[in-house]
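Each value in this text was obtained by applying a stated rule to the coordinates, not by laboratory testing. The structure presented is a predicted model; accordingly, all values stated were derived computationally and were not measured. We place every Cβ from the backbone using ideal geometry, glycine too, and count neighbours over all the protein chains shown.
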Amino acid sequence: MLRPSPIAFTVLLTLVAACAQDEGDDAVHSITIELGDLKVIIGDDTDHGAGKAGYEGIWHLSHTAREANIFVPVYAGLIAHRRPCSVRTISDTAVEIQMDGQTTIERYEVKAPHYVDYTCIFTAGGERGGWNDASYMNGPADPGIYLINTDGEWFRHYDPEHGSAASVLPSSMTEPPPISKVENPRYAHGSNSFAESLSGLTFDSEKAVYYGRFDYMVLIYMFEKGDWVIPYMSPSGGGYNKELGRSNPAWDFRYYMTGLTPGEEVVLRHRVVYKPFVSNEDVLAEYDAWLAELAAAEE
């Protein structure tokens, strides 16, 4: 265990026995950070209960006001499904997941009282690019997500059918991403990717933020580059919750990036907020404060 700093946090290096990877008993597969109100466990792609590898990201996110993990424990949240990979501590409050043999990095920094700053760094391979992150939610009573439109009104997005009306496009996106058409597709829109199903809804790309509710708590996802990001959801993507008797939804997002220069470094910045819900206005205030923080850091 590392020594606690004056700001009273604890960082635990968790030694997990190798399950899907033959790395020996002393391999570090996850790192736990407890800071402010949050407990966050970030782990690599090792099987930690799902019966297969491939769920790197936040294995656990909980709050002092609600101790239950909001992500399905055998899966995770903010999963890019890029493997194999390794996890390492880069500071007392920050962790990186490095993709083996690649320059791709996922960086997680926990900040008091209830923030996780999540940064994706990779090299553009062409003029267009994509990034996808899944989040498997652990049985929220309300499986929908909430976004804001160009009229400044909040709306709920939910479709009860997996693969139907999944994605919400940003208002500034004039050309939607192409659909990967295949013969005998799994879904009615013509592809085997449920994310490519469009809802017909748009959110304000200058207010690139959405949230979901866990009882009296709120999970907020914020995005710096609203022109590229596409939130999407599934009512059952996180599997079936036997304890609650209902499906676990997936609150995901993907990027459709254009105008890139091949070989350039692409940096995608996000903030995750998990705290007691106050109001829609408070969610927007958190978002505006984060944008102001980013702008100040650039000066």
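Largest mean-square fluctuation among Ile79, Ile58, Ile105, in a Gaussian network model of the chain whose springs join Cα atoms under 10 Å apart, belongs to Ile105. Percent of Cα-Cα pairs more than 36 Å apart in the chain, please. Summing the P(r) tail past 36 Å for the chain gives 13 percent. A simple count of charges around Thr32, restricted to other residues whose Cβ falls under 13 Å of its Cβ and scoring Lys, Arg +1 and Asp, Glu -1, yields -1.
Once the trypsin sites (Lys or Arg not before Pro) in DSSP loops with at most 14 neighbouring Cβ atoms within 10 Å are cut out of the chain, the longest remaining piece is 53-127. Annotation: amide H of Cys85 within the under-5 Å range of Asp45, Asp100, sequence separation 5 or more or interchain, hydrogens built in the peptide plane.
Looking at region 19-112, the GluC sites (Glu not before Pro) that sit in a DSSP loop and have at most 11 other Cβ atoms within 10 Å of their own Cβ are Glu67. The slack between Val74 and Ser279, meaning 0.36 nm per residue of separation minus the straight C-alpha distance, is 70.7 nm.
Quick check: Cα centre of region 94-140 to Cα centre of region 144-178, how many Å? Region 94-140 and region 144-178 have Cα centres separated by 22 Å. A Cβ-based charge dipole, computed about the Cα centre of the chain with Lys and Arg at +1 and Asp and Glu at -1, lands at about 620 debye. Taking Lys and Arg as +1 and Asp and Glu as -1, the other residues whose beta-carbon sits under 9 Å from that of Gly259 total 0. Of all DSSP bridge pairs formed entirely within the chain, close to 95 percent run antiparallel.
3J(HN,Hα) along region 210-224: 9, 9, x, 10, 10, 6, 8, 9, 9, 10, 10, 10, 10, 9, 6 Hz, from the Karplus curve 6.51 cos²θ - 1.76 cosθ + 1.60 with θ = phi - 60°, whole Hz, x for Gly and Pro. For Val28 and Leu294 in the same chain, what is the full-extension length gain: residue separation times 0.36 nm, less their Cα-Cα distance, in nm? Length difference between fully extended and current span is 92.6 nm. Annotation: lysines with alpha-carbon distance below 18 angstrom to Lys111 (same-chain offsets under eight excluded): Lys39, Lys275. Judged by the gyration tensor of its Cα atoms, with axes a ≥ b ≥ c, region 126-199 is oblate; a/c meets the 1.5 cut and b/c is at least as large as a/b. Other residues lying with their Cβ under 12 Å from the Cβ of Phe277 contribute a combined charge of -2, Lys and Arg counting +1, Asp and Glu -1. Among Met222, Met233, Met173, determine the one that fluctuates most according to a GNM of the chain built with springs between C-alpha atoms less than 10 Å apart. Top of the fluctuation ranking is Met173.
Within the same chain, aspartates and glutamates fewer than 8 places from Lys242 are excluded, and of the rest, those with a Cα less than 19 Å from its Cα are Asp142, Asp215. Straightening the chain between Arg66 and Arg186 buys 39.4 nm, computed as 0.36 nm per residue apart minus the Cα-Cα spacing. Can you classify region 178-299 as rounded, prolate or oblate using the Cα gyration tensor, where a ≥ b ≥ c are the square roots of its eigenvalues, rounded means a/c under 1.5, and otherwise it's prolate if a/b beats b/c and oblate if not? Oblate, because a/c is 1.5 or more while a/b does not exceed b/c.
Gap in Å between the Cα centre of region 271-299 and the Cα centre of region 51-91? Their Cα centres are 23 Å away from one another. If you run the Gaussian network model on the chain, springs between alpha carbon atoms under 10 Å, then out of Trp59, Trp154, Trp228 the most flexible one is Trp154. Which whole-number percent is the relative contact order of region 124-299 (Cα, under 8 Å, 6+ apart)? It comes to 30 percent, rounded to a whole number. Decide, for region 24-96, between rounded, prolate and oblate: order the square roots of the alpha carbon gyration tensor eigenvalues as a ≥ b ≥ c, take rounded if a/c falls under 1.5, and otherwise choose prolate if a/b is larger than b/c, else oblate. Oblate shape, in that a/c is at least 1.5 and b/c is the bigger or equal ratio.
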